[in-house]
Number of protein chains: 2
Amino acid sequence: MSDTLDLTPTSAVVALDVGGTFVKWLVADHTGVLRKGTSPTHAEAGPDRAFEVVLETVDLALAAVPPSHTAVGVGVAVPGTVDERRGVCVHSENLGWRDLPVARHLREHTDLPVGFGHDVRTGAAAEWQLGAGRGVADQAYVSVGTGLAAALLLDGRPVSSGGYAGEIGHGGALDGEPCACGGRGCAETVASAAAIARRYTAASGATVDGARGVLARALTGDEVARRVWDDAVEVLSALVADLIRVTGVAHVVVGGGLVHAGDALLTPLRERVRARLTVHPAPRIVPAALGGSAGSWGAALLGWRAAGADLASIVAAYADAARRPDEPSPRTSGPSFRQRSAQ
Amino acid sequence: MSDTLDLTPTSAVVALDVGGTFVKWLVADHTGVLRKGTSPTHAEAGPDRAFEVVLETVDLALAAVPPSHTAVGVGVAVPGTVDERRGVCVHSENLGWRDLPVARHLREHTDLPVGFGHDVRTGAAAEWQLGAGRGVADQAYVSVGTGLAAALLLDGRPVSSGGYAGEIGHGGALDGEPCACGGRGCAETVASAAAIARRYTAASGATVDGARGVLARALTGDEVARRVWDDAVEVLSALVADLIRVTGVAHVVVGGGLVHAGDALLTPLRERVRARLTVHPAPRIVPAALGGSAGSWGAALLGWRAAGADLASIVAAYADAARRPDEPSPRTSGPSFRQRSAQ
């Protein structure tokens, strides 16, 4: 791997954002996205099958590199406890992986340099470089989706601590509802998007279209929905206040599926976080700008870095492209990623 | 200020660890301490008087530099919310300071390069470089004394966030006992050494010789003392678990006055922190090695750095000297700092 790659307009990277349900992939050159798609992860078929899907998706994405271009690197982001330095997925509840050397396997499979990251930290890095955190040296990114986790940027550097930084969704409490992690009363049992839906159904007996459905009912006066939503915001506010007390950051980007709730989430969250802080200044709590694409953008950056490319010029080009998210969000109606036809 | 000072055996720094009750000072050359002492801070006489004491103590320490030596820098650590980068004490409850440009004033007063730090982060830096944290890249230092605060070393770098990192003693809760910070139920109202004594007196009506006295009573079967001690350990365990969940560190050094309780504090603290963690590995929770001298050693390092000295060689020499603390501790009966007579 060279120290700095001579970027040509025909270099491309392949990026994968591996989730419990879908693997999102894209092919990007130095100015933006050329191709993209999703593959079902098939995690229900077991850990080996899920990893096969990852390899198949890399092959698919490499095959989608336009003939005009040459793949120079691969970036991949995976969920769970991830040790970026060793390139290992230490443990992923969703995928059933344990101590899986993902980076090495992908390197051997593709014969390309591989950049490897944690899904939340990779998405956070994209927000920091391209989205709602640009120009802020000390900040946190909190992802509230199926799971709940955070990523930290301190003094301009991402923090990992062997993969355990930001695992705020589990532990801390001593009683409450049993959690998949083996603990009780974990934040994920109350404040994740999945928990909001589950708790509503448990309390009301009614099925509901996810956290989105609970919010819709809360806004139309459903008392059970209101309480479940309120509990989630309360637990989130305690988590965000803890993050701030420990790290001192004054800028918090909220991402993950739940942020699509917009002000119904952010307004009470801001109020309650402020109520919990006494010596810290009131933080800026802002929604993620890249929506569901943050992980893919971040994985592309990982791929470029692994390839030895000069990241600064790519970040500058991507920052323009990324601010036009490909997913509907409450705050934008802009066009999707710039799509280009091959050759 | 030169980039790297040509250290001579006759160079010396003056170091001040400013506390709410005493200013500890020392004069050190590149191998260890030459002179030291303490001055009462007189904080009760107001913020201006407290700062006069700091200036007078610097003069005293400079006058104590042996005629064989030349002072080349000053290091100073102060309590409160401290912005190291700007050299400003943003706010100190104990000293009554607000937005005081301590570094600039000391520079003008002494005409020497001044290194400036937060008392807890400075003591922590000494533990990391010379004491119980040597060789660990990701760790936290928790100081439990009159107040309660933490310092973070992540990826080998201290974290400050404009002075707000590690201010875990205040905020977070929404009810409980009123706190000096304006909040309610802050950890400092239960788990600081001062709170332990105060809560015991409030509950029993009996005056007591500080947290040390409460522990002595708890160990001899005093039920109120046992409960007060237990509450403090419980709150500390929640704080340490929060620290670990947010940052992912697996190494925690406990310092400040309360650590002199030894295993009566550390054994239940370790057990309860572990009970609160589910996805994080059990951390190492170890007592500080430098006792009450950590802040002074750290301030000396700040002084050397400000003077442009090569820190690595000084750290190597100090690490030997510092492991012989000058204060009685449960874990050592070694000699005090090496004292040298001035010719």
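Throughout, read-outs are computed from the coordinates displayed, never taken from laboratory work. Bear in mind the structure is a predicted one, so any value in this text is a computation, not a measurement. Ideal geometry is used to build each Cβ from the backbone, glycine not excepted, and the neighbour counts take in all protein chains shown.
See the values below:
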quantity	calculated
Nearest-ten-degree value, helix B:311-322 long axis tilted from longest Cα axis of chain B	60
Virtual spin-label span in nm between B:Glu52 and A:Arg134, 7 Å along Cα→Cβ	5.3
Number of partner chain Cβ atoms within 10 Å, mean per residue of A:173-181	2
Mean Cβ neighbour count within 10 Å, used as a protection proxy, ranking A:251-257, B:29-35, A:262-268 highest first	A:251-257, B:29-35, A:262-268
Calculated label separations, A:Ala275, copies of the chain, 7 Å along the beta-carbon direction, nm	2.9
Shielding by partners, peptide B:44-51 (average Cβ within 10 angstrom, other chains)	0
Amide H contacts of A:Gly255 (H built 1.01 Å from N, under 5 Å, at least 5 apart or other chain)	A:Val142, A:Ser143, A:Val144, A:Ala288
Candidate lysines for bridging to B:Lys24, where Cα separation is under 20 Å - those fewer than 8 sequence places away on the same chain excluded	B:Lys36
Residue order, fewest to most surrounding Cβ atoms within 10 angstrom, among A:Phe116, A:Phe22	A:Phe22, A:Phe116
Cα-based shape type of segment A:54-161, given that a ≥ b ≥ c are square roots of the gyration tensor eigenvalues and the cut on a/c is 1.5	oblate
Number of partner chain Cβ atoms within 10 Å, mean per residue of B:269-280	4
Listed residue (A:Gly166, A:Pro101, B:Ala124) projecting farthest to the positive dipole end of the protein assembly as shown, Cβ model	A:Gly166
For segment A:132-287: span of alpha carbons on each principal axis (Å, largest first)	47, 33, 26
Point-charge dipole on Cβ atoms (K/R +1, D/E -1) for chain B, about Cα centre, debye to 20	700
Order of A:Ile168, A:Ile244, B:Ile314 under a 10 Å beta carbon neighbour criterion, fewest first	B:Ile314, A:Ile168, A:Ile244
Folded to 0 to 90 degrees: helix A:263-276 orientation relative to chain A principal axis, Cα	70
DSSP-defined antiparallel bridges as percent of all bridges, the protein assembly as shown, nearest 5	60
Residues whose placed amide H lies under 5 Å from that of B:Arg284, excluding near-sequence neighbours	B:His251, B:Val252
Antiparallel %, DSSP beta bridges [both residues in segment B:133-287], to 5	55
Summed residue charge, Cβ within 14 Å of B:Gly96's Cβ, Lys/Arg positive, Asp/Glu negative	-3
Label distances, nm, B:His42 versus same residue in remaining copies, Cβ-directed 7 Å point	8.0
Chain B: translational diffusion in µm²/s, Stokes-Einstein, Kirkwood Rh over Cα pairs, 37 °C, 0.692 mPa s	161
Distant-in-sequence amide H partners of B:Gly19 (H built 1.01 Å from N, under 5 Å)	B:Lys24
For B:Gly205, inter-copy label distances in nm, listed shortest first [label point 7 Å out on the Cα-Cβ vector]	5.6
Two-site label geometry, A:Ala203 and A:Ala180: point separation in nm, points 7 Å out along Cα→Cβ	2.2
Positive minus negative residues near B:Ile196 (Lys, Arg vs Asp, Glu; Cβ under 10 Å)	+2
Rel. contact order, % - alpha carbon contacts under 8 angstrom, at least six apart, segment B:133-287	23
